[in-house]
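Asker: This is the structure I want to talk about, given as structure tokens.
The values are calculated or read from the model by the stated rules, or taken from the named source; none is laboratory data. Just so it is clear, the structure is predicted and the values come from calculations on it, not from any experiment. Every residue, glycine as well, gets a Cβ built from its backbone with ideal geometry; the counts of neighbours run over all protein chains shown. Note: accessible area is taken over every heavy atom of the protein model, side chains too, but ligands, DNA and RNA are not part of it. Shrake-Rupley method; radii C 1.70, N 1.55, O 1.52, S 1.80 Å.
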Amino acid sequence: MFLNENIKDQIKPVALSVADVRKSFGKVDVLKGIDLKIDAGERVALMGPSGSGKSTLLNCICGIEPVDHGSIHVGGQELSGLKRGELEKVRRENMGYVFQSFHLLPTLNAFENVEFAAQLVGMPKEHRLARVTDLLEQVGLSHRMDHLPSALSGGERQRVAIARALVHHPRLVLADEPTGSLDTESGSQVLKLLKSLSEELEVALLLVTHDHESTRICDRVITMKDGALLAG
Amino acid sequence: MGHYFLLLGIVAVGVGAFNGIRQASRSASANFGLFNQAVSGQSDFLIESPVQRLLEEDLAKLTRLSKEPDWHLVPVIEGSVTAVKNGSEDKKQLRLIGLDLLALGNLPTLAKEGLKFSDEDANWYDWLGSKNEVWVGQKTADLLEVKQGDSISFLASGRLVKMKIRMILNDPDGNLPDDLVLADLPTVQTLLSRPGELNRVEVVIDQVNRREDTAYLNDIENRLARELPQNLSLAPTQNRAADRAAMTAAFRLNLTILSLIAILVGAYLILQALDAAVVRRRSEIATLRSLGVDGSILFTTYVLEALVLGLFGSVAGVGVGQVLAFGAVGMLSDTVNALYFATSVEALNLTSIDVIVGLVLGIVFSLLAGWLPARDATQTPPAQVLARGDWSPGFSWLRSPVIGLGLLLLGGIALLFPPFVMEAGSNMPVGGFLAAGCWILGAALLSGHVLVLLAGWVRPFCSGPVFRLASSRLRDGSSRHRLAVAGLVVAVSMVTGMFQMIDSFRGTIEEWFDVRFQADLYISESGVTGAGTVNGIDPRLMDELLKDPNIKYADVMRICYAKPPRGVTVLAGVDMKHWSDQARQIWLKAPGSLQAVDGAEPALVSETFARRFGVMAGGVVELGTPDGTKKISPFGIFCDYGNEFGMAAISSDIWSDWTGSDRPINVSLYLRDRAKLLETRDRLRLAYPGLDVRNERELRDVALGIFEQTFKATDALSFIGLAVAFAGLLLGLLSIFDESTQTWQTLKHLGFSTHGFILAAGLEGAGIGVAAWVAGAITGLALGWLLVFVINVQSFGWTLLWTVPVESILWFGLLLTVVGFVSGMIAAIYWNFRR
């Protein structure tokens, strides 16, 4: 098992590397020396009870929350020491984010929501339009492209969010309870979609979830408790 | 905590602006020269002529009255003179009051108060007949830098005279106005070239301790009235204050309306600020709702908060009002001087009514402003619903055009209302003001639709993420975007309307000047320059002046007040042949186009006069003159922008017969050799230092100076309105960003840069500015039309040439866009910093 992991490292590039990350809020140690690696195309489920530090870890990986100690590499780029603008660049170029409550921009339609992320990385127009159309077809929403989020169902909104998270070819997608606001059937469709697209596009996925069912699409499950990882 | 201080400040400024303007306008315009007000406290009755001039024969008729032991008669003459500060070019207009010192010495009140008129003299007999001597108050003496025994130079009736300061009146309480000069009656009559004339006779009752005894006062009044000659009138003193106040009622009402706008925009700020508080606390409110807290409790909490803010803010506002009043009173008294009558600034007087009105207004407007956010708070859903995204339920009625369209229609209907005729004969265009209010409010409610429409047009051209985000948010037109636009539209439309009125007025006056003033030189007394002044030139001086060899023709004008059935008007004596045949006017009805009625004196009347007395198509108007009631009938109507009371011009000879005077007020000179215009002007100036000798250009500058003075208050209030509206925009944008917290969080996760966020916010602000400009400019155009063709015509009776200052409006649009952009960025930076 240990040997296999090492061979893997040699074959695939690392999408995310977290080394001895610590974070405290006041006197509360929220992250107590986290070590984590996710390879390109690998899907990892992160489970743990509320207050275990999952959201803080995601925020640290995003670069929204600075760490007190340790290092985080996304796509080989070290986050600590980067300025705000550089962090924003890493986020928009290397990461995709899927929220529990979808968080689509309410004033843009489905197509524009997806296109927006592509625009942020400066993707050329022709390529961008084709890419957005293609992705929306893949998530089964080619007929709902010009609908505003308010006119879409929960499952449809989350599929748009997935397309948005993938449109700019990120190395890592962070999904925070992506099925948390969905019914079972929609949740199941969303998970399938995440799996197939991450496989097809070779994107690493860090899936935060409470739901054991969701972990079935992942290669690995890690559990977090009281700010530390229990298993990997 | 700082937030609450800001809100308190906003209420205080709103209430303060209202109270300050109210007090200042009262102090500046209700002031008049009753000597007893200044010298001995109070007189009880006034005997006046309808035209405010009593002649010697009138005094003779009062002989019987003067022998009664129950009262004292104090004849008074008043006018204005210009003091020339020794050794400098500085001039100061002063109010000169002439008193019969003998009568004054007998006054019981004066004796009690012990105001000393002389150091060395044992009693008042000693200062009788003190020719060429004046008394001034301490403040006046300080201002003119003179002391007892000094000489002071005055320009009066066109002459430069020197007077000796007999004494500086001791006034430890500062009751005397800072422009008061007292002198013996004959001295003042000579100074003002009004021999044998009085303004009025004041009656002071002997038993001053019975002033509260109504029965006693009624008895005195009846006895006085019985003996009073028919052509004179008797009224309690306080009525005169009311009459004077009535003369400026329209002016003061206009100011009140403008200051109400200040309080309205203040209320808008409160609304925005309380709304921002509701949005910021939305998650807290949502949690309370989840816990089962009733909506009515939340509503009451917010309304109570508004009430407390209103109460404390209003208390502070009363103080702020005092400060503002100190600043504004000088400016307003200048305006009153220019438009109505010579006045001076009285001590500001904060009455209990002022305090109550300020408190009530502040509280009522705060409650109204707090009501909408309080209602919004009750509509906040429980926490679990709120957690699903940005939530914007408030002010959803702003999305419906029905109320806005209804108000526009109501405004149109209001135009059908006739003007309300006020006590002094001025008209108040109630329908016009109502229409203006309805249109502004209606346009404000509809302005959100303009925002959405414009954003929809612009959006296809927005390709980048920042532009696309900003345009999509504007096109979505949330209620708070609409509210921000609406607030700005009120200020923009008001200012655009004012721009037009002022520009139309300026343009009309310039045009009028071009046509009307064709003479070479214009001469008037060097004193009050206001349109309402009746200061005159000594007739002997005028005769002397007209002997100048370069004068070909002199158009001499004489004016006095005349008494129509309501209010006052101006009766002028002119060379009718010259006015009909040669003098150029903008004629609404050329001379002869109306048929003068037989038995009435033919007159050329101003448009204001014709409209006011309903003789646009001819007819007869009865006017009270010193020679009794006379009839005049117009045979021509000319445009005149001199005053709002109107003017009727009759032949000089008839004027002199009716008024018993031949004192000219001004003269227009036509020269034989126009090449020597400047030389003649300088020669006349040198020979007559007490006269203003001006050519057309100089006269135009003076007139436009009066014009600019008149609109100072309007400008100041427009500026306050705009400043408050922009502060409201900032608060509104903060609410918008607070409400979009989830969107910004999403963008942050997507890697949207902070610069991008700030730029997008700036573009949103700019979009709001542009929409407010478009909606406000359209409304402003309608308001301009309303001001020029309805409100001005009904209030002042004059027709203006409607000028649309396109360039100013375009610059204003650019300013709004830039300010909106900057406001958006500032709000975004602050919002970002707060998080």
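Asker: Give me the inter-chain shielding for A:104-112: mean count of other chain Cβ atoms within 10 Å, whole number please.
Answerer: Details: counts 3, 12, 11, 15, 6, 1, 0, 0, 4.
Across the residues of A:104-112, the mean count of other-chain Cβ atoms within 10 Å is 6.
Asker: Here is a further query. Per residue of segment B:210-224, what does 6.51 cos²θ - 1.76 cosθ + 1.60 with θ = phi - 60° give for ³J(HN,Hα)? Whole Hz please, x for Gly and Pro, Karplus curve as stated.
Answerer: 9, 5, 8, 7, 4, 4, 5, 5, 4, 4, 4, 4, 5, 5, 5
Asker: Right, something else. Which stretch or stretches of segment A:126-144 have amide N atoms under 12 Å from the point lying 7 Å from B:Arg459's Cα along the Cα→Cβ direction?
Answerer: none
Asker: Next question. Chains A and B: buried accessible surface, both sides, probe 1.4 Å, rounded to 100 Å²? Could the numbers behind the result be given before it?
Answerer: Values: alone 11330 and 33990 Å², together 43190 Å².
So the buried area, both faces added, is about 2100 Å².
Asker: Keeping all protein chains in place and using 1.4 angstrom, which order do B:Lys61, B:Lys577 fall into by accessible surface area, from largest down? If you can, show how the numbers build up before the last one.
Answerer: Values: B:Lys61 100, B:Lys577 145 Å².
Sorted by accessible area, descending: B:Lys577, B:Lys61.
Asker: Could you give the length gained by full extension between B:Gln595 and B:Asp715, i.e. 0.36 nm per residue of separation minus their alpha carbon distance, to one decimal place? Before the final figure, lay out the partial values.
Answerer: Numbers: separation 120, 0.36 × 120 = 43.20 nm, distance 4.31 nm.
Extending this stretch completely gives an extra 38.9 nm.
Asker: Over the whole of B:468-474, what's the average partner chain Cβ count within 10 Å per residue? Rounded to a whole number, please.
Answerer: 4
Asker: Related question: Given a 10 angstrom Cα cut-off, can you work out which residue in A:Val98, A:Val90, A:Val208 is the most mobile in a GNM of chain A?
Answerer: Per the Cα network of chain A with a 10 Å cutoff, A:Val90 tops the list.
Asker: While we're here: Quick one: angle between helix A:84-94 and the longest Cα principal axis of chain A, in degrees between 0 and 90, rounded to 10, please.
Answerer: Roughly 70 degrees, rounded to the nearest 10.
Asker: Can you tell me which aspartates and glutamates have their Cα less than 16 Å from the Cα of B:Lys139? Leave out same-chain residues fewer than eight positions away.
Answerer: List returned: B:Asp150, B:Asp171, B:Asp173, B:Asp178, B:Asp179, B:Glu346.
Asker: Could you tell me how far the Cα centroid of segment B:625-681 sits from the Cα centroid of segment B:395-420, in Å?
Answerer: 46
Asker: To the nearest 20 debye, what is the magnitude of the charge dipole of segment A:20-70 about its Cα centre, counting +1 on the Cβ of each Lys and Arg and -1 on the Cβ of each Asp and Glu? Walk me through the numbers on the way to the answer.
Answerer: On the way: 7 positive and 7 negative charges, 34 e Å.
Rounded to the nearest 20 debye, it is 160 debye.
Asker: OK, next. Rank B:Val84, B:Val620, B:Val495 by accessible area, highest first, at a 1.4 Å probe radius? Walk me through the intermediate numbers first.
Answerer: Values: B:Val84 30, B:Val620 65, B:Val495 10 Å².
So, going from the largest accessible area down, we get B:Val620, B:Val84, B:Val495.
Asker: Given a 1.4 Å probe and the protein chains all in place, what does the accessible area of B:Arg194 round to, in Å² to the nearest 10?
Answerer: 20
Asker: If you don't mind, another one. Percent antiparallel among DSSP beta bridges with both residues in segment B:521-694, to the nearest 5? Could the numbers behind the result be given before it?
Answerer: Values: 29 of 40 bridges.
Approximately 70 percent, going by the DSSP bridge assignments.
Asker: Hey, another quick one. Please compute the contact order of chain A in relative form: average sequence separation of alpha-carbon pairs under 8 Å and at least six residues apart, divided by the residue count, as a percent.
Answerer: Values: 444 pairs, mean separation 67.5, N = 232.
Worked out over chain A, it gives 29 percent.
Asker: Let a ≥ b ≥ c be the square roots of the eigenvalues of the Cα gyration tensor of segment A:89-186; is it rounded (a/c under 1.5), or, if not, prolate (a/b larger than b/c) or oblate? Spell out each step's value before the answer.
Answerer: On the way: a/c = 1.83, a/b = 1.24, b/c = 1.48.
Taking the square roots of the gyration eigenvalues as a ≥ b ≥ c, segment A:89-186 is oblate.
Asker: At a probe size of 1.4 Å, how large is the accessible area of B:Leu686, to the nearest 10 Å²?
Answerer: Looks like 150 Å² after rounding.
Asker: Using the alpha-carbon centroid of each, what span in Å lies between segment B:737-768 and segment A:155-182?
Answerer: Here the two parts' Cα centres lie 21 Å apart.
Asker: Which whole number gives the average count of other chain Cβ atoms within 10 Å of the Cβ atoms across peptide B:742-748?
Answerer: 5
Asker: Among B:Phe461, B:Phe433, B:Phe5, B:Phe154, what's the order by accessible area (1.4 angstrom probe), most exposed first? Kindly include the intermediate steps, with their values, before the conclusion.
Answerer: On the way: B:Phe461 170, B:Phe433 50, B:Phe5 130, B:Phe154 0 Å².
If we order B:Phe461, B:Phe433, B:Phe5, B:Phe154 from most to least accessible, we get B:Phe461, B:Phe5, B:Phe433, B:Phe154.
Asker: Tell me, what is the percent relative contact order of segment B:521-694, built from C-alpha pairs under 8 Å that lie six or more residues apart?
Answerer: Details: 344 pairs, mean separation 63.6, N = 174.
Computed value for segment B:521-694: 37 percent relative contact order.
Asker: Could you give the size of the charge dipole of segment B:710-835 about its Cα centre, using +1 on the Cβ of each K and R and -1 on the Cβ of each D and E, expressed in debye and rounded to the nearest 20? Intermediate values should be presented prior to the final figure.
Answerer: Values: 4 positive and 5 negative charges, 46 e Å.
Using Cβ point charges on Lys, Arg, Asp and Glu, segment B:710-835 gives about 220 debye.
Asker: Right, another one. Relative to the present Cα-Cα distance, how much length would full extension add between B:Arg210 and B:Tyr553 at 0.36 nm per residue of separation?
Answerer: On the way: separation 343, 0.36 × 343 = 123.48 nm, distance 5.99 nm.
Once the chain is fully extended between B:Arg210 and B:Tyr553, it gains 117.5 nm.
Asker: Which residues' amide hydrogens lie under 5 Å from the amide hydrogen of B:Ile586, considering only partners 5 or more residues apart or on another chain, with H built in the peptide plane?
Answerer: B:Cys639
Asker: Need the per-residue list for segment A:50-87: every residue with at least 30 Å² less accessible surface in the complex of protein chains than in the chain by itself, probe 1.4 Å, sorted by number.
Answerer: Output list: A:Ile64, A:Arg84.
Asker: Would you mind telling me the share, in percent, of accessible area of segment B:675-790 contributed by carbon and sulfur at probe 1.4 angstrom? Could the numbers behind the result be given before it?
Answerer: Details: 2700 of 3970 Å².
Carbon and sulfur atoms account for 68 percent of the accessible area of segment B:675-790.
Asker: Which lysines does B:Lys162 reach when only Cα atoms under 18 Å apart count, and residues fewer than 8 places away in its own chain are ignored?
Answerer: B:Lys85, B:Lys91, B:Lys92, B:Lys131, B:Lys147
Asker: OK, next. Given a 1.4 Å probe and the protein chains all in place, what does the accessible area of B:Ser193 round to, in Å² to the nearest 10?
Answerer: B:Ser193 exposes around 20 Å² with every protein chain in place.
Asker: Could you state the orientation-averaged shadow area of the convex hull built on the Cα atoms of segment A:34-73, in nm² to one decimal? Please list the in-between numbers first.
Answerer: Details: hull surface 13.1 nm².
Approximately 3.3 nm², given one-decimal rounding.
Asker: Now, a different point. Decide, for segment B:499-612, between rounded, prolate and oblate: order the square roots of the alpha carbon gyration tensor eigenvalues as a ≥ b ≥ c, take rounded if a/c falls under 1.5, and otherwise choose prolate if a/b is larger than b/c, else oblate.
Answerer: Numbers: a/c = 1.37, a/b = 1.19, b/c = 1.15.
Rounded, since a/c falls under 1.5.
Asker: Aspartates and glutamates near A:Lys32 by alpha-carbon distance under 18 Å, same-chain residues fewer than 8 away left out - which ones?
Answerer: A:Asp20, A:Glu65, A:Asp68, A:Asp226
Asker: Now a separate question. Taking a quarter of the surface of the Cα convex hull of segment B:521-694, what do you get in nm²?
Answerer: Numbers: hull surface 39.1 nm².
Computing the convex hull of the Cα atoms and averaging its projections yields 9.8 nm².
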